[in-house]
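The values are calculated or read from the model by the stated rules, or taken from the named source; none is laboratory data. Since we're looking at a predicted model, the values are computed, not measured. Cβ placement follows ideal geometry from the backbone for every residue including glycine, while neighbour counts extend to all protein chains displayed. Protein only, heavy atoms only, side chains kept; ligands, DNA and RNA dropped before computing areas. Shrake-Rupley method; radii C 1.70, N 1.55, O 1.52, S 1.80 Å.
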Amino acid sequence: MTTAEKVCAFLDEAQVYYLATAEGDQPRVRPFGTALVYEGKLYIQTGKVKPVSKQLGSNPKAEICAFHNGQWVRVWGKLVNDDRREAKVAMLEKYPSLKRMYGPDDGNTQVLYFADAKATFSSFAAAPETVEL
Ligand SMILES: Cc1cc2nc3c(=O)[nH]c(=O)nc-3n(C[C@H](O)[C@H](O)[C@H](O)COP(=O)(O)O)c2cc1C
């Protein structure tokens, strides 16, 4: 399993993670659920109309955190927009319920992948393990 796959599997199991962005000097955080490994990279999905998308457009630096089964993961790096149709289709195939709200050609659906990213797996029982994505 690659590190991106390992992180994605953890996010899948946790079902919910929290995505932090910056709006100027104000941190913003919200629940997210989408995670996909595509072409070896860890992708998330959002809508271009959302404030989160605008924040990432101004400052791509982001961090996510999820907690599950006594373990938590933090992933940080840059979230890079990928406007390729096939990447959006792959995301919507993993989350068919999103198709009620999003389509690959709607001009709103956005997928972004982590670049220059690291992840740390932590628990109270063991030393943190940091990996590169
Ligand atoms: C469990 C859960 C999972 C969510 N997953 C996503 C997601 O993957 N992508 C997304 O754009 N919004 C998702 N949302 C909705 C966002 O949290 C919501 O639209 C939020 O307001 C976006 O942040 P913003 O208002 O700063 O743009 C999810 C909400 C919940 C409760």
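Please specify each residue of segment 1-19 satisfying the condition of being more than 10 Å from the ligand (Cβ to nearest atom) and free of Cβ contacts under 8 Å to residues at least 60 places away in the same chain. Scanning segment 1-19 gives Met1, Thr2, Glu5, Cys8, Ala9, Asp12, Glu13, Ala14.
Consider segment 20-39 and keep the residues that are among the hydrophobic types (A, V, I, L, M, F, W, C) and in contact (Cβ under 8 Å) with a residue 12 or more places away in the chain. The one that is farthest from the ligand (Cβ to nearest atom) is Val37. Taking segment 49-87 as the range and being aliphatic (A, V, I, L, M) and closer than 15 Å to Val29 by Cα as the test, the residues that pass are Val52, Leu56, Ala62, Ile64, Ala66, Val75, Leu79.
Summed over segment 40-61, the residues that are near the ligand (Cβ under 8 Å from one of its atoms), open to solvent by 80 Å² or more (accessible area, probe 1.4 Å) and of a type outside the set (Lys, Arg) give a count of 1. Residues in segment 34-50 that are outside any strand (DSSP E or B) and within 17 Å of Tyr102 (Cβ to Cβ): Thr34, Ala35, Lys48, Val49, Lys50. Looking only at segment 62-98, which residues are within 15 Å of the ligand (Cβ to nearest atom) and among the aromatic types (Phe, Trp, Tyr)? If the condition is that a residue be within 15 Å of the ligand (Cβ to nearest atom) and among the aromatic types (Phe, Trp, Tyr), then Phe67, Tyr95 are the ones that fit. Restricting Gly103, Gly24 to those that are over 11 Å from the mean Cα position of the chain (by Cα) and exposed (fewer than 14 other Cβ atoms within 10 Å of the Cβ) reduces the list to Gly24.
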